[in-house]
1. If you stretched the chain out fully between A:W205 and A:L82, how much longer would it get, using 0.36 nm times the residue separation minus the C-alpha to C-alpha distance?
2. Sticking with the crude label model, points 7 Å out along Cα→Cβ, report the distance from A:E221 to A:K192 in nm, one decimal please.
3. Quote to one decimal, in nm, the extra length available between B:K186 and B:Y293 on full extension: 0.36 nm per residue of separation minus the C-alpha distance between them.
4. For a quick check, take a GNM of chain B with Cα springs below 10 Å and name the residue from B:L51, B:L254, B:L91 with the largest mean-square fluctuation.
5. Any chance you could get the radius of gyration and Dmax over the Cα atoms of the range B:173-298, in Å?
6. Which length gain, in nm to one decimal place, applies between B:F204 and B:T81 when the Cα-Cα distance is subtracted from 0.36 nm times their residue separation?
7. Compute the label zone of B:Q13 within the range A:168-187: residues whose backbone N is under 20 Å from the point 7 Å along Cα-to-Cβ.
8. If I model the range B:46-294 as equal point scatterers sitting on the Cα atoms and use the Debye formula, what is log10 I(q)/I(0) at q = 0.08, 0.14 Å⁻¹?
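No lab work stands behind these numbers, since they all come straight from the coordinates. The shown structure was predicted, so the numbers you read here are calculated from the model rather than taken from an experiment. Here the Cβ positions follow ideal geometry from the backbone for every residue, glycine too, while neighbour counts run over all protein chains shown.
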Amino acid sequence: MTEKQSSWKNHLLLIPFSLLMIYPVIWWIGASLKSQTELSLPTLWPDKFMWENYTNGWTYSSQYTFAKFFGNTLVMEFWNVLGGVLTAALVGYGFGRLNFRFRNFWFSVLLMTLMLPSQVTIVPQYILYTKLGLTDSYIPLILPHFFGGGAFFIFLVVQFIRGIPRELDEAAQIDGASVYGIFFRIIGPLIKPALYTVGIFTFLWSWDDFFAQLLYLSSVEKFTVGLGLRMFIDQFEVQWGQLLAMSLLSVVPSAVIFFLAQKHFVEGIATTGIKG
Amino acid sequence: MFGRKSGSGKRFQHNTAGYLFISPWLIGFLLLTLWPILQSLYLSFTEYSLLDSPVWVGTDNYSTITTSDRLFVKSLVVTFTFVLFAVPIKLLFSLLVAMLLNKNVKGMSIYRTLIYFPSLIGGSIAVAALWRNMFGLEGYINHILSWFGIQGIGWIANPDTALGTLILLNAWQFGSTMVIFLAGLKQIPKDLYESASVDGAGAFRKFYNITLPMLSPVMFFNLVLGIINAFQMFTSAFVITSGGPANSTYMYVLFLYEKAFRQYQMGYASALAWILLLIIGVFTLINFTVSKYWVHYEAEGGKSR
């Protein structure tokens, strides 16, 4: 019937559109294997595959290889995700379930910080970290995640918790559970889907948070992948093949996370009820 | 969003536990947000280079910025142009894509992956590098154009088109906006469309009378955050164009960054940050005021915050 006909039409729309969207990425894969002269040609794949782009790019900085930069970034990410998830769970439970004085006031403050441009705080924060001697370390990058830096994630968990029927808490309360017990035994396990979403987005966003990395990390030994890539761009003559190869590798962790956790992207957000 | 009322009459107060649970955020807010905000306000009235202690200069920074700093005016013009084009293009584009992906079609997860993937990596320095290559004089875009007999130019090296390429890159990263639209679309009850079909409404009328009003809270959310984010655009301007050519992509935050962390004029940069805060505040306020006229909340369940 018409059902089938319209589905056919949908494919006709969706196929070219998704190909158009993904085409630059496919071109990118091909280009990362091209020599400098072949790069400007519009062909997708090179005549001669330059695998050297990968090996030379990997060891581009004479002091450290990209293994070092990937390692640095992953260690930083471990702490960021841990901090982000822990904080979002604890604070989300506090705002989502507990009744305390000035709760609504603090919650509206939290929502307002969502809209605060980070530039207003960045200069004093930088001065603070400089005075404490913490620049050129990961502390300024990691610390905010443990202290509710992801206000958006707290909001997300609060919305999720509000969707959980209160009867569950009340039943546990009658059984003698304290508010802490309810958190660890009832709410904690139930908000896992929301926490996955928090973890995934914390990972992705801090991977791309170039500004903070640029600001706080200065010695090559501590560089993240993003800063490693920047070393190519700063050169007088950019080694495009190597740069594109390493750039491509730099998005692999995000891609892996995306494919492993695909379901959580749309559904995680949908169920948290972001609806205005 | 649900159950707020159930049993609220005799709910216990958990002051200690409540503050204990929110303490990570509260401490962070007081020390890493509120205190820096106040300090930045103070610094904006001083001259400070990190080495000596701040010197009070009154409103000098503000008057210099507003009366005699041509880079300020330039960066403001560039940023407003960017916001004016980038935000509506991205909103419209992500809404269309979300509607396309909201259909019940076989293999939808594959389409969704292909379409979402670019946004996943979009903000990173890697894509900025890709963009710089693709839009170069010898880049890939010009070769495509040459097939159609169009003589390409160096899109990024040309002051007239450089900002356009950044706007396009911004639109290509429509993913998170689109996902939020998609979530909103999924919450519109199907029977609304069905009864509209019975009444003989066409696709356009359904879109105009059902989809748009039902989606307006989500649209509002995306619009507010979209404007705020667009004002703070940094990475792609920094990596792809470094503000050039001829300052045609000299975004406001790039200007602020250079004042603060290249020239170490911390006081001046703080004043710039406060001006940005004011601009964003005014825009957000206008948004919230105007929203009364076009954002529709459902009688039940919709108005939750």
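1. Values: separation 123, 0.36 × 123 = 44.28 nm, distance 1.40 nm.
Full-extension gain reported as 42.9 nm.
2. 4.2
3. Working: separation 107, 0.36 × 107 = 38.52 nm, distance 2.40 nm.
Using 0.36 nm per residue and subtracting the Cα-Cα distance, I get 36.1 nm.
4. Sorting by GNM fluctuation, first place goes to B:L51.
5. 20.5, 67
6. On the way: separation 123, 0.36 × 123 = 44.28 nm, distance 3.09 nm.
Using 0.36 nm per residue and subtracting the Cα-Cα distance, I get 41.2 nm.
7. A:179-180
8. -0.42, -1.04
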